[in-house]
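What follows is a short report on a single structure.
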Amino acid sequence: MDIYNREVREMRDAETVLGVLRERGRRGLPVERLYRQLFNPRLFLLAYQRLYSNAGAMTAGVTGETVDGMSLDKIRDITAVVRAERWRWKPVRRIYIPKRDGKRRALGLPSFSDKLLTEVVRMLLNAYYDVQFSDHSHGFRPGRGCHTALGEVVDVWNGTHWFIEGDIAQCLDAWSHCSFR
């Protein structure tokens, strides 16, 4: 039971760090030495908690590493390499999954260590910046998405008669990037 209580306490400590970042972001205060939070094992435990239940966590990247190899030693190894500024992102395993229209969609599968470090960075940046975004922004934000955007349209945009929708998928693939020089 002591191990469980210690882990819960550590999770709270990670949430405290994220809460301080959120408050600084809300007040528009700068953040200094954020990089040192990448050495905080409590943030890695919280990131692991958020990632392990995802079915994709058991899908191996190019290294064959999955969530089932997770341990406190792995966190110590990752933080030691990051602290020594020797972290190198591993190549992403690329697979293609079929779409309904017969085409295939590319999917990148990173190693679990890369996913874990990415989640820690995402949590830190999200805590600081999300509170600064407009309430009308719904894309790729926690607790927001298509349904909250549609709810806002129904509740707020009463006098609107027309909506024009566009799909810019793959538009950058079609542009000649040489013309931007």
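The values are calculated or read from the model by the stated rules, or taken from the named source; none is laboratory data. Here the structure is a predicted model, which is why all the values come from computation and not from measurement. Cβ sites come from the backbone with ideal geometry, for glycine too, and all protein chains shown count toward neighbours.
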Inset, instruction - Tell me, please, whether a residue that is exposed (fewer than 12 other Cβ atoms within 10 Å of the Cβ), more than 15 Å from residue 116 (Cβ to Cβ) and touching a helix residue (DSSP H, G or I) at 6+ places or on another chain (Cβ under 8 Å) can be found in segment 30-41. - result: yes
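Give the residues of segment 49-90 that are in a loop (DSSP other than H, G, I, E, B), surrounded by 11 or more Cβ atoms within 10 Å (Cβ to Cβ) and modelled with pLDDT under 90, sorted by residue number. Please lay out each step first, then the result.
Residues of segment 49-90 in a loop (DSSP other than H, G, I, E, B): 52-54, 59-66, 70-71, 84-90.
Add one more test, that the residue is surrounded by 11 or more Cβ atoms within 10 Å (Cβ to Cβ), and what stays is 52, 54, 59-63, 65-66, 70, 87, 89-90.
Across segment 49-90, the qualifying residues are 52, 54, 59, 60, 61, 62, 63, 65, 66, 70.
Within segment 102-116, restricting attention to residues that are small (Gly, Ala, Ser) and surrounded by 12 or more Cβ atoms within 10 Å (Cβ to Cβ), which residue is modelled with the lowest pLDDT?
First, the residues of segment 102-116 that are small (Gly, Ala, Ser): 102, 106, 108, 111, 113.
So of that shortlist, the ones also surrounded by 12 or more Cβ atoms within 10 Å (Cβ to Cβ) come out as 111, 113.
Details: 111: 89, 113: 93.
The selected residue is 111.
Yes or no, residue by residue, for (1) farther than 29 Å from residue 25 by Cα; (2) surrounded by 12 or more Cβ atoms within 10 Å (Cβ to Cβ):
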residue: 94; (1), (2): yes, no
residue: 100; (1), (2): yes, no
residue: 121; (1), (2): no, yes
residue: 124; (1), (2): no, yes
residue: 139; (1), (2): no, no
residue: 152; (1), (2): no, yes
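One residue is enough: does segment 104-118 have a residue meeting the conditions small (Gly, Ala, Ser), under 23 Å from residue 50 (Cβ atoms) and not in a helix (DSSP H, G or I)? I'd like the intermediate steps shown before the answer.
Step one: filter segment 104-118 for residues small (Gly, Ala, Ser), giving 106, 108, 111, 113.
Okay, now just the ones that are also under 23 Å from residue 50 (Cβ atoms), so 108, 111, 113.
Among the residues that remain, those that are also not in a helix (DSSP H, G or I) are: 108, 111.
Within segment 104-118, one or more residues are small (Gly, Ala, Ser), under 23 Å from residue 50 (Cβ atoms) and not in a helix (DSSP H, G or I).
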Inset, instruction - Give me a count of the residues in segment 24-47 that are in a helix (DSSP H, G or I) and either closer than 26 Å to residue 80 by Cα or in contact (Cβ under 8 Å) with a residue 40 or more places away in the chain (or both). - result: 16
